[in-house]
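Trainee: Sharing a structure below in structure tokens format, with a few things to ask.
The values are calculated or read from the model by the stated rules, or taken from the named source; none is laboratory data. Computed from a predicted model, the values in this text were never measured in an experiment. The accessibility values were calculated without ligands, DNA or RNA, using every heavy atom of the protein model including side chains. Shrake-Rupley method; radii C 1.70, N 1.55, O 1.52, S 1.80 Å.
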Amino acid sequence: MMTEKKLLASDDIDPLVIFAPEEPGLQWQRISGMAVLDEASQELEVCRMSCMTLAEAKAFAATDDRISFFFYVKHYAIMYHHYVLHAGDVIFFSGTPVLHAEPGADCFEKPAAPDSKLSITAAPGNNWVSVQAQLQVPFLSSEQAHAYLWPCLRPGQDNNVENMDGGLQAVLSYSPASSASGPGDHAGWWVCGQYVHAGGQQKTAQTCFGGPSMPVKPGDILSCRIVYDAASRSWLQTITNTENNNSVSFPVSVKQKPGQAHDRNTVSFSLENLSQARHRHLHQCLSLFNVIIKTKYPQSNLGQGLNNLPYVDHARLCENQNSLHISRIILYSPMQDVR
């Protein structure tokens, strides 16, 4: 993936941007001389702004998961019905609108983790003790495609830490109305804590245990926490809807089997698109933000290299060296359709 290191090419300097250099953070893929000019893509437009610098446009788009990319007008651009855009005008889009050649504008696509997954591994002999992250329930969904989004913790083997061969997951999911047949089923978006055990043998069936589920609605901000309690030797998953303070909890205590090798010691942030058809993918981006993950022991190289990833925004290790903070992780499947 290309990374955008400068605001405009040297022969393309715009006075609106030369006084506002970019802050470190998400790196965008620049598609030069392209814009969204056809009326067919109008339904995918999120909003439009005027008199923005490129740095301001990127910062605005980075915080809104509805936006997958935007185009920025450097000089002027003529849209459908002969509507003229001027320098500093920006139009933000979800999904994958069709791009057309336009010398007066550039498109910028939001970066995304390959395969919609980011994993961070602790050092041998160290252990994760907690992970917390926030996420927003999607607004746009293209026929409400099936999708799972979760932070997942898979602890390591030191000091008899529990739950060695499976993953603790705070899962946000969507179910169509047709599948909500029982009193406990939800139509639409819902969230719950889960423990997923895939087994060590090829023939071992995957098992999944879940706690109580909670219906949520588009735009809700969910706070997910997975914490190890040394006193009870168990894990507690808690998911809180910050819009109304409703919450669900799921305690898990999974014991190590004698002789079982426990080499998994990772925290993962994943998006799984269950729909294979392209037109049923979620239109918008998805991300996790305000992420805090902690280890039992200090680790000076924890999170090393994360800030070099284009889809990670502002990762920093605290002074105690066992708490890693990440502002945002972008997870979605970017797709371009250029004519």
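Trainee: Tell me, yes or no, whether the range 63-70 has at least one residue that is under 22 Å from the mean Cα position of the chain (by Cα), at pLDDT 95 or above and open to solvent by less than 20 Å² (accessible area, probe 1.4 Å).
Mentor: There is at least one residue in the range 63-70 that is under 22 Å from the mean Cα position of the chain (by Cα), at pLDDT 95 or above and open to solvent by less than 20 Å² (accessible area, probe 1.4 Å).
Trainee: Could you tell me whether S300 is open to solvent by 30 Å² or more (accessible area, probe 1.4 Å), of a type in the set (S, T, Y), modelled with pLDDT of 90 or more and closer than 24 Å to P111 by Cα?
Mentor: Considered against the rule, which asks whether it is open to solvent by 30 Å² or more (accessible area, probe 1.4 Å), of a type in the set (S, T, Y), modelled with pLDDT of 90 or more and closer than 24 Å to P111 by Cα, S300 comes out as no.
Trainee: Right, something else. Looking at the range 97-143, which of its residues are open to solvent by 50 Å² or more (accessible area, probe 1.4 Å), charged (D, E, K, R) and in a loop (DSSP other than H, G, I, E, B)?
Mentor: Within the range 97-143, just E143 meets the criteria.
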